[in-house]
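The next block holds one structure in the form of structure tokens; read it before the comments.
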């Protein structure tokens, strides 16, 4: 399945628009990771724990969106938008993705 943030695909023609597809993922951040991330932020380092949570949440949301597109008979999702939010007073991370399921040649 082709997944792209662009509205078109180079050298490919959209034959049919199948509709909006979405995926969501909400993951909790472990209190120990939060504590260590805070310490790393103080010394100016990167927070590998948060980076991993972000990657995992994004992957889950995209996989869910692709599965929805596949059910519609799509072979591509175009115009994909990825949004990040914190929920639950900042204790959870939500990633939502949306795009247009299409059939391309």
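Coordinate-derived values only; no laboratory data. Because the structure is a prediction, the values reported are computed rather than measured. Here the Cβ is made from the backbone with ideal geometry for all residues, glycine too, and neighbour counts use every protein chain on show.
The distance linking segment 1-25 with segment 61-105 is 11 Å (Cα centroid to Cα centroid, whole angstrom). As a proxy for reagent exposure, 2, 60 were ordered by neighbouring Cβ count within 10 angstrom, fewest first; the result is 2, 60. Along the Cα-to-C-beta direction of residue 15, a point sits 7 Å from the Cα; which residues of segment 71-89 have their amide N less than 14 Å from that point? Under cut-off, by backbone N: 73-76. With a simple spin-label model that places each label point 7 Å from the Cα along the Cα-to-Cβ direction, the separation between residue 2 and residue 55 comes to 2.7 nm.
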